[in-house]
Amino acid sequence: MAMASDGLRRVAVFGATGSIGTSALDVIARHPARLRASVLAAGRNVDALVTLCVSHRPDHAVIADPQLLDTLAAALHAAGLGTTPHAGMAALDALAADDDACDTVVAAIVGAAGLDSTLAALRAGKRVLLANKESLVLAGELMLQAARAAGATIVPIDSEHNAIHQCLPADGDCSGVARIVLTASGGPFRGRSRDQLADITPTQAVAHPKWSMGPKISVDSATLMNKGLELIEAHHLFGMPADRLDVLVHPQSLVHSFVEFIDGSTLAQLGLPDMRTALAVGLGYPDRIASGVAGLDLLHHGRLDFEAPDTDAFPCLALARAALVAGGTAPALLNAANEVAVSAFLQGRLRFLAIPALVEHVLAALPAADAASLDVLRDADARARGVATQALTTGTFH
Ligand code: NDP
Ligand code: MG
């Protein structure tokens with residue numbers, strides 16, 4: 001991979017205004033002799049994007065909504081910046097692939113909207129710091145194929161997968177691995193029965209006890225769909241079959257996952273719940289660089305607890321595991337239905353317990369087919385969104 005003449009890694013941060021994006025920029029800013037944010041991209045929030053451009057002085061800024069190009073251009077100009085403005089998803093794909101623009105891409109857009117730019121970066125052989133788990137759930141096999149074909153490096157950023165990445169041999173050989181165990185905080189409603197979840201509000205659901213994250217993944221953590229998506233993510237990233245992937249609830253969120261080897265050894269990665277650690281692993285890879293996160297004082301934290309997940313109160317985990325086992329288009333259908341359901345819940349149009357019900361409805365209405373191509377997967381994604389939206393419109397779920 002080409003390095004800039006000044007020796008700096010040029011990093012494109014897609015989803016720069018989000019929780020992961022701002023954490024990535026925090027780490028980048030700690031290493032001015034090594035890293036530079038060369039492209040910053042957001043969805044619609046021009047003000048936040050321009051504020052970041054003032055601090056990080058990237059070569060390019062992209063706003064996904066094409067109608068906001070003039071607003072972005074005017075704001076960059078008014079701020080006296082030489083940053084080139086772009087708009088639209090195609091601009092993201094082009095910059096992801098452009099060797100003059102970046103050698104590293106932080107894929108931190110939320111939802112399936114992140115798929116195309118992530119694929120573009122992989123096909124161009126870039127180093128991809130992959131936070132956008134929905135793209136892997138939708139099209140993991142094709143993404144891994146694209147990465148292999150182009151010699152791209154994927155560093156998983158999701159804390160569990162980053163932990164596993166750190167525990168596995170550097171050459172990625174998983175032949176000695178018996179089992180992977182993903183830890184889960186259990187979310188804000190751990191220990192509650194199904195009946196006690198009936199009146200959960202969006203404000204309660206996004207208030208995660210351990211992690212500070214964007215609204216969509218916070219709701220996914222509260223339903224345990226997040227851990228289900230992560231099972232599918234682990235299957236693709238590490239080539240593990242479903243029956244060698246387990247989930248253990250660990251409320252302190254200090255052990256970020258376990259890898260059990262065939263000789264009886266178990267390796268774990270521990271650290272404070274702060275995504276800057278995982279991002280530093282990716283930004284410095286293969287070197288270790290400072291992240292701003294303090295080391296772990298286990299005497300202070302005292303204890304580490306573990307318990308089995310409750311799939312009766314939180315059926316999304318079982319739905320996702322079933323989609324992983326079914327394979328083909330099932331994970332794409334699950335992910336799309338979940339995106340529609342979470343968005344409706346956040347808007348106050350769907351009850352918390354109706355999130356798994358709506359996902360189940362979509363999976364029952366659209367049987368899984370072979371995932372023969374990206375077009376088939378995109379079609380499954382679109383049809384699942386259609387069925388879910390229709391069910392919301394007709395009031396079948398509320
Ligand atoms: P946020 O909601 O905080 O940020 C989302 C980012 O994506 C924002 O920059 C937003 O821009 C941008 N965006 C939204 N829609 C589009 C679009 N259609 N096109 C282009 N950009 C868009 O999310 P998080 O940072 O929490 O999560 C990002 C991804 O990382 C998710 O896939 C999540 O699952 C994953 N992840 C997050 C973790 C966390 O700790 N937050 C942990 C592990 C994984 P704008 O501000 O303009 O809306
Ligand atoms: Mg995670």
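The values are calculated or read from the model by the stated rules, or taken from the named source; none is laboratory data. Given the structure is predicted, the values throughout are model-derived calculations rather than measurements. Every residue, glycine as well, gets a Cβ built from its backbone with ideal geometry; the counts of neighbours run over all protein chains shown. To get the accessible areas, we keep the full protein, side chains included, count just its heavy atoms, and leave off ligands, DNA and RNA. Shrake-Rupley method; radii C 1.70, N 1.55, O 1.52, S 1.80 Å.
Structural remarks
- Positions within the stretch 154-173 being crowded, with 17+ Cβ neighbours inside 10 Å and away from ligand 1 (no atom under 16 Å from the Cβ), in sequence order: Cys167, Leu168
- Candidates Arg127, Arg123: the one that is modelled with pLDDT of 95 or more, of a type outside the set (Gly, Ala, Ser) and surrounded by fewer than 19 Cβ atoms within 10 Å (Cβ to Cβ) is Arg123.
- Subset tally (residues that are touching a residue at least 40 places away in the same chain (Cβ under 8 Å) and polar (S, T, N, Q)) for the stretch 256-265: 1
- Residue ID - farthest from ligand 1 (Cβ to nearest atom), chosen from residues in the stretch 203-223 that are farther than 19 Å from Gly21 by Cβ and open to solvent by 30 Å² or more (accessible area, probe 1.4 Å): Gln204
- Long-range neighbours under 7 Å by Cβ, at least six apart or interchain, first residue under 12 Å from Val359 (Cα atoms) within the stretch 386-398, second surrounded by 14 or more Cβ atoms within 10 Å (Cβ to Cβ) and among the small types (Gly, Ala, Ser): Val387/Ala365; Ala388/Ala337; Ala388/Ala341; Leu392/Ala344; Phe397/Ala354; Phe397/Ala357; Phe397/Ala391
- Set side by side, the residues Pro286, Pro273 differ, and just one is open to solvent by less than 50 Å² (accessible area, probe 1.4 Å), part of a loop (DSSP other than H, G, I, E, B) and in contact (Cβ under 8 Å) with a residue 24 or more places away in the chain, which is Pro273.
- Summed over the stretch 45-102, the residues that are part of a loop (DSSP other than H, G, I, E, B) and open to solvent by less than 40 Å² (accessible area, probe 1.4 Å) give a count of 8.
- Val293 in contact (Cβ under 8 Å) with a residue 12 or more places away in the chain, open to solvent by 20 Å² or more (accessible area, probe 1.4 Å) and away from ligand 2 (no atom under 15 Å from the Cβ): yes
- Selection status of Ile109, buried (at least 18 other Cβ atoms within 10 Å of the Cβ) and within 14 Å of ligand 2 (Cβ to nearest atom): no
- Which listed residue is open to solvent by 20 Å² or more (accessible area, probe 1.4 Å), in contact with a helix residue (DSSP H, G or I) (Cβ under 7 Å, 6 or more places away or on another chain) and more than 20 Å from Glu230 (Cβ to Cβ), from Arg385, Arg378: Arg385
- If you filter the stretch 176-202 down to residues that are under 21 Å from Val340 (Cα atoms), more than 22 Å from the chain's Cα centre (by Cα) and open to solvent by 20 Å² or more (accessible area, probe 1.4 Å), you find that the one that is modelled with the highest pLDDT is Thr201.
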